[in-house]
1. Of all residues in the range 78-114, count the ones that are not in a loop (DSSP other than H, G, I, E, B) and not hydroxyl-bearing (S, T, Y).
2. Determine if the range 34-51 includes at least one residue that is of a type in the set (S, T, N, Q), in a loop (DSSP other than H, G, I, E, B) and either modelled with pLDDT of 80 or more or more than 27 Å from L101 (Cα to Cα) (or both).
3. Suppose we filter the range 117-166 for residues that are open to solvent by less than 40 Å² (accessible area, probe 1.4 Å), aliphatic (A, V, I, L, M) and modelled with pLDDT under 90; how many remain?
4. Sort through D68, D92 and tell me the only one that's closer than 15 Å to T155 by Cα and not polar (S, T, N, Q).
5. Considering the range 58-77 alone, what residues qualify as being part of a helix (DSSP H, G or I) and either in contact with a Pro (Cβ under 7 Å, 6 or more places away or on another chain) or of a type in the set (G, A, S) (or both)?
Amino acid sequence: FPNVVIVDPNVTFVILSIAIISGIVYFIANADLFEDTMAVKRFASIAGASDQSDFDSGRSHLWSIAIDYFRMNPFLGIGPGKFAEMSHMDTDVHNVYLQTLCEYGLVGILLFTIPLLKCLFATFRLLRKTTNESYVSILFFSFALQLNYILEGITENTNTNLCGYLMY
C-alpha cells in the first residue's frame, strides 16, 4: 500500500486536544447564546448559578466594548493601556487578541500574531521532520507550551503576567 498515509498518534492527539479546548472555550465565551438549552440550564443548576447569571464572568461585555473601541480607530487602535481608562472598567479585556486589536489596531495585531504563528508552525515542521526521540519530546513540549499560550489568550490577557512576557 504505497499511497497509504499513516497519521502520527502525537499529531492526532494535538489536533484533538486543540479541537476540544477550542470547543470548551467557545462554549464558555458564548454561553449566553446557549442559555436556553437544557444542558446549560443543568450545568447552571449544578454549579449553583441563578437563571440570570453571567456564565462568562462579564467577558462578552468587555469584548463588545473592545470591538467598539477598535471600530473607532481600526488601523492604529486607541493607544497602549487606554482600554481600562476609556471603559472605566478598571480591568483588561480578558482576551489578549481583542486587547491588542483594540489598543494597537490592525498594525498591532499583525505584529503580535505573526511571530506567534510563525514559531508555532516552525515547531510543528520540526516535529514532523525530526527522528531523534529526545529532541521530539522537547519539541512536543515546546509546541504544547506555545499552544497553551495561544489558546489561553482567548479567555485571558496572558501578557499581564510575567509568564506571558517570557513566553512571547
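1. Going through the range 78-114, the residues not in a loop (DSSP other than H, G, I, E, B) turn out to be 82-87, 96-114.
When the remaining residues are screened for being not hydroxyl-bearing (S, T, Y), the result is 82-86, 96, 98-99, 101-103, 105-112, 114.
So the count comes out to 20.
2. Residues of the range 34-51 of a type in the set (S, T, N, Q): 37, 45, 50.
Applying the additional criterion that residues be in a loop (DSSP other than H, G, I, E, B) yields 37, 50.
Restricting the remaining residues to those that are either modelled with pLDDT of 80 or more or more than 27 Å from L101 (Cα to Cα) (or both) gives 37, 50.
Yes.
3. Going through the range 117-166 one residue at a time, the tally reaches 6.
4. Details: D68 fails: closer than 15 Å to T155 by Cα.
Within the list D68, D92, the selection yields D92.
5. First, the residues of the range 58-77 that are part of a helix (DSSP H, G or I): 59-72.
Within the range 58-77, S60, S64, A66 qualify.
The values are calculated or read from the model by the stated rules, or taken from the named source; none is laboratory data. Keep in mind it's a predicted model, so treat the numbers as computed, not measured. Methodologically, a virtual Cβ is constructed for each residue, glycine included, from the backbone with ideal geometry; neighbour enumeration extends over all protein chains shown. Protein only, heavy atoms only, side chains kept; ligands, DNA and RNA dropped before computing areas. Shrake-Rupley method; radii C 1.70, N 1.55, O 1.52, S 1.80 Å.
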